[in-house]
Every structure is written in structure tokens, then in C-alpha cells.
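Let me begin by presenting the structure, written as C-alpha cells, before commenting on it.
The values are calculated or read from the model by the stated rules, or taken from the named source; none is laboratory data. Since the model is a prediction, treat every value here as computed from it, not as a measurement. Glycine gets a Cβ as well: all are built from the backbone with ideal geometry, and neighbour counts include every protein chain shown.
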Amino acid sequence: MKQQKRIPVFLAAALLFASIHATAAAAADPANRFKALETLVEQSIADSVFPSASIAVVYRGDVVFHKAFGRQTYNKRSSPVDTSTMYDLASLTKPVVTAGIIMQLSERDSLDIDAPVSRYLPEFTRNGKGNVTIKNLLLHNSGLAAHRFFIATCRTSEEVMQAIYNETLISPPGEKTTYSDLGFITLGKIIEHLTGKTLEENFHARFSQPLGMHSTRFNPPDSLLSRVAPTEEDTLWTIPKPRPLVHDHNAALLGGAAGHAGLFSTTEDLVIFVKMLMQKGQYKGISFFAPSTLDRFTERHPGSRALGWDLRSLNGRSSSGTYFSASSYGHLGFTGTSIWIDPVKDLAVITLTNRVQPSSANNKIRKFRPRLHNTVVTCLGLHGSDE
């Protein structure tokens with residue numbers, strides 16, 4: 001048997017060092033570290049999960065991945081997207097705008113979330129709703145119905161609010177969790193009543209302007225439409241007035257800006273907002289709310305809900321996947337958007353897609369979301385740890 005030549009000790013050490021250096025370099029290079037994530041998103045576009053996606057990963061205060069994929073539509077002539085492409089956030093409006101403003105109002109004693117809604121909107125007390133509190137609306141356990149197709153019965157925003165005031169509860173307050181757009185429409189109206197300013201004016205003054213989120217707004221003007229990822233064509237709008245761009249019918253009927261939906265943004269802007277949350281309400285020397293306020297609004301309540309935020313389910317599947325900790329909080333948007341933040345791992349994933357283009361009947365994103373978050377955690381090597 002032929003004897004193998006031994007590698008000199010100094011050469012073996014050099015090879016080992018080179019190997020370690022190459023491994024470290026690959027781990028430090030996002031292009032290599034997140035290859036599995038890129039492959040997943042590119043394959044998902046090929047499988048028509050969505051025509052485009054913009055994804056940002058924030059870890060330990062740094063943006064370690066930020067990339068856009070695909071085109072605005074499935075048409076190969078459609079414009080490619082980038083990280084400045086604006087997406088309809090849908091229900092991400094609830095935690096980003098509505099809950100964010102309420103956090104400030106409650107911290108500064110302008111709003112008591114334990115008070116009944118009727119203290120601020122007396123008309124809401126109709127038909128047995130007098131015991132519903134602001135907190136009930138935030139937790140989605142008010143007893144209000146999940147949704148109403150208001151364009152079938154209403155023609156103005158005032159008619160929508162009167163219809164909500166006339167609602168009868170489907171369950172007693174606090175008894176059952178039913179995710180309700182009606183509750184957040186009401187919260188948006190409370191904000192406007194308390195401040196004397198529109199929801200859009202409030203969000204601009206309190207968050208988007210001081211944070212420098214210049215591409216985050218309701219009702220993008222025509223000059224920005226080329227930057228907006230399109231959703232589906234609306235064939236149900238029968239009201240004889242121009243329809244705002246927002247995908248949600250009720251938000252459109254309410255003028256394009258409502259407590260439950262209507263905000264448009266980019267991953268570039270949402271990275272700023274998420275960093276502020278990860279820093280307990282502080283950003284570049286500005287305090288948007290106290291750490292204790294964020295803790296209060298993200299603590300767990302029955303039904304895996306927090307105040308305006310969703311929480312990782314302790315039982316069963318979660319859109320945040322398998323590896324996000326039980327302390328994680330986030331939210332989804334019907335159009336294919338999501339934010340998930342894990343304070344234990346000091347990790348956040350922002351995902352914007354227009355999966356409803358060309359049709360909202362496409363629900364392939366349900367399987368994509370947990371795979372995405374599992375892939376991010378695995379790419380960072382955090383799937384075997386609680387850090």
C-alpha cells in the first residue's frame with residue numbers, strides 16, 4: 001500500500017487559517033450568507049406567489065440584508081422593482097399608524113385606553129356597545145364583526161361611521177377574539193376627534209416627518225404612481241366618485257386614509273420605523289414613546305394578541321415560522337406585507353409584496369411567510385439558539 005505524503009505542519013496551519021478565513025468571509029458577505037433567502041424569493045416569483053417583493057432584515061441594529069426582487073406585474077415588460085418601490089401596506093396601517101399614535105396619546109395622558117369608546121365617541125354606545133373600551137378595540141375582542149362590505153350600503157365616510165355606531169355586538173366585550181377592521185376604523189376616528197387633525201396629519205407630524213420616512217403616506221399623488229407596485233383591478237366599485245388608489249374598499253370609501261388600512265410605504269422607510277421600535281421607541285436622540293409604553297403595547301394577552309400587534313402563537317403555526325421567540329410581535333397585511341420583530345434575537349424582517357396582483361384569490365403567500373422567516377433565521381445561524 002502506497003504511503004501518503006504528510007503535509008508539513010506550517011502548510012496545514014496555513015490551509016486551516018485560509019479555510020477559517022474563507023468561512024468567516026462568506027458569513028460576513030450578505031450575498032453568500034443569504035443565498036438561500038434569495039433563491040427562495042426568486043423561486044416564489046417563478047411559482048407566482050407574487051410578482052415582486054422587497055425584503056429587509058435588521059439584526060443587532062444593522063441592516064444585514066435589503067433587496068428587491070421581480071417586476072411590478074408578471075408582464076416581462078413591467079418595470080423592475082427596487083427598495084424604493086412603494087407598496088400598499090394594507091393592515092400594517094393598524095400597528096404602524098393607529099397603534100403608534102395611540103401609544104403616544106396614552107403615554108401623554110390624552111387618551112385612556114381603559115376608558116369606554118363612548119367617552120370619545122358618544123354615538124358608539126348605540127345598540128349595547130357602552131361597555132366596549134379602547135383596549136377592547138386594540139385587542140380585537142370588542143365583540144364587533146370582523147368586516148362589513150360598506151360600499152354595498154354606504155356612499156360617504158359619515159355613512160360608514162353611522163353604520164359602525166349602529167352595529168350590534170356579535171359577542172360580549174372581552175369574551176372572544178375576532179380580528180375586526182371595524183374596531184380600527186373606530187380607533188382612527190377617535191384619534192381624529194381627540195387631536196382635531198386627520199389621521200394622515202397626525203402620522204406625518206408624529207412619525208414620518210421626524211423619522212425622515214419621506215415615501216410613507218396615504219393617497220400617493222399621480223406623480224408617484226410609477227413607484228407604486230400595483231394591486232388588483234377593482235371591478236366592484238359602483239360609487240359615482242373617483243376611487244382612491246388603496247386596495248381596501250372600506251379605506252377607499254373613507255377617503256383613502258383610515259385606521260385599519262390605507263398607508264403606502266417602502267422597505268427603506270420601514271427599516272427606520274422598525275429600528276425605532278427595536279430601540280424601544282428611541283431614534284437618533286428623539287423619544288417617540290417610552291420603553292415602558294412599548295412593553296405595555298406588546299405584552300401578551302389572550303388570543304395571542306397585543307395592543308394593536310399580533311404575537312407569535314404559542315400553539316400551532318405562525319407566519320413568523322418556527323424559530324422566532326415567543327416574545328416576537330408583528331403584523332400582516334392582506335396585500336402581502338408583514339413585519340415581524342423578535343426582541344430576544346434582536347432581529348426583524350420586513351416583507352413587502354403585491355401578492356394580490358392580478359388577483360387576491362392567490363393565497364400562496366400563506367406557505368411562503370413561515371418559510372421566509374425560517375430561512376432568514378437559518379441564514380443567520382440562529383435556528384439553534386435563543387439569543
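Listing for the model above:
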read-out	value
Any hit, region 85-92, residues being touching a residue at least 60 places away in the same chain (Cβ under 8 Å), under 18 Å from Thr298 (Cα atoms) and buried (at least 17 other Cβ atoms within 10 Å of the Cβ)	yes
Candidates Gly321, Gly303 - the one that is of a type outside the set (D, E, K, R) and either over 20 Å from the mean Cα position of the chain (by Cα) or surrounded by 22 or more Cβ atoms within 10 Å (Cβ to Cβ) (or both)	Gly321
Residues satisfying the stated conditions in region 350-374, i.e. among the charged types (D, E, K, R) and closer than 11 Å to Pro51 by Cα	Arg355
Failed criterion for Cys154 (all others in (1) within 17 Å of Gly255 (Cα to Cα); (2) in contact with a Phe, Trp or Tyr (Cβ under 8 Å, 6 or more places away or on another chain) hold)	(2)
Residue within region 372-386 that is assigned to a loop (DSSP other than H, G, I, E, B), modelled with pLDDT of 95 or more and within 16 Å of the chain's Cα centre (by Cα) present	no
Residue, surrounded by the most Cβ atoms within 10 Å (Cβ to Cβ), within region 342-355, restricted to residues that are under 16 Å from the mean Cα position of the chain (by Cα) and hydrophobic (A, V, I, L, M, F, W, C)	Leu352
Tally, over region 108-133, of residues that are in contact (Cβ under 8 Å) with a residue 40 or more places away in the chain and under 11 Å from Pro173 (Cα atoms)	5
Residues (among the hydroxyl-bearing types (Ser, Thr, Tyr), surrounded by 14 or more Cβ atoms within 10 Å (Cβ to Cβ) and either part of a strand (DSSP E or B) or without any contact (Cβ under 8 Å) to a residue 60 or more places away in the chain (or both)) located in region 232-286	Ser265, Tyr283
Criterion violated by Ser208 - all others in (1) within 29 Å of Asn131 (Cβ to Cβ); (2) surrounded by 14 or more Cβ atoms within 10 Å (Cβ to Cβ); (3) not charged (D, E, K, R) satisfied	(1)
